[in-house]
Amino acid sequence: MSDTTPTQRVAELIKDFRFAMFTTRNAQDRLVAHPLTVQESEFDGDLWFLVAKSASLTGDIERDERVGVSLSSNGSWVSLSGTAELVDDQSKIRELWSPTVEAWFTDGPEDPNVGLLKFSAESAEYWDSPGGKLASIFSFVKSKITGEPLDAENETVELP
């Protein structure tokens, strides 16, 4: 591994993820995961999502701001814990707007149901198998043959 700090490593991994599972507690105190699209690729401790204000997750967040976000891709996984809040910032909504979002909000960024969700990470755990999917498969086979642990990077990080 290079001179990259664990916090920087989390940021490097997150920039490659497009989708996240956003976990809240519902009114019955059950964990519920919601698929969301990550709106920014630059991770500074916060993630931004555009959501429907009428979605069940907004009510969940009003009851309990503590949430989890999990992301995965070919050979990399990140689990984040933190808090979430709905933010009223029309200029940020316009900044994050993309043609993809229009599939859900056909009236554009001024649609009154468009909500801006800010996730603030407090901690992260990541697993990374360098080399992607093919290297992960090779490492798995090697582990089975040699009896040595899988070649993967795992770290838990407290975020500032």
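The values are calculated or read from the model by the stated rules, or taken from the named source; none is laboratory data. The structure displayed is predicted, hence computed values, not measured ones. Heads up, the Cβs are rebuilt from the backbone with ideal geometry, glycines too, and the neighbour counts pull from every protein chain shown. These accessible areas exclude ligands, DNA and RNA; they are computed on the full protein's heavy atoms, side chains included. Shrake-Rupley method; radii C 1.70, N 1.55, O 1.52, S 1.80 Å.
Selection within segment 51-85: residues that are assigned to a loop (DSSP other than H, G, I, E, B) and in contact with a helix residue (DSSP H, G or I) (Cβ under 9 Å, 6 or more places away or on another chain). The member of this set that is modelled with the lowest pLDDT is Asn74. Val32 passes every criterion in (1) touching a residue at least 24 places away in the same chain (Cβ under 8 Å); (2) assigned to a loop (DSSP other than H, G, I, E, B) apart from (2). Of Thr37, Thr106, Thr4, which residue is over 29 Å from Asn154 (Cα atoms) and of a type outside the set (D, E, K, R)? The unique qualifying residue is Thr106. Filtered by the rule that a residue be closer than 15 Å to Ala20 by Cβ, open to solvent by less than 10 Å² (accessible area, probe 1.4 Å) and of a type in the set (Gly, Ala, Ser), segment 59-85 gives Gly82, Ala84. Checked against (1) of a type outside the set (Phe, Trp, Tyr); (2) surrounded by fewer than 13 Cβ atoms within 10 Å (Cβ to Cβ); (3) modelled with pLDDT under 85; (4) outside any strand (DSSP E or B), Glu110 meets all criteria but (3). Please go through segment 76-101 and pick out each residue that is more than 22 Å from Arg63 (Cβ to Cβ) and among the acidic types (Asp, Glu). Those that are more than 22 Å from Arg63 (Cβ to Cβ) and among the acidic types (Asp, Glu): Asp89, Glu95.
Pairing residues of segment 88-112 that are closer than 16 Å to Trp48 by Cα with residues that are open to solvent by 50 Å² or more (accessible area, probe 1.4 Å) and outside any loop (DSSP other than H, G, I, E, B), at Cβ distances under 7 Å and at least 6 apart in sequence or on separate chains, gives Pro109/Arg94. Of all the numbered requirements in (1) buried (at least 17 other Cβ atoms within 10 Å of the Cβ); (2) modelled with pLDDT under 95; (3) over 19 Å from the mean Cα position of the chain (by Cα), Asp88 misses one, and that requirement is (1). Per the listing Phe43, Phe119, Phe22, the residue uniquely in a loop (DSSP other than H, G, I, E, B) and surrounded by 17 or more Cβ atoms within 10 Å (Cβ to Cβ) is Phe43.
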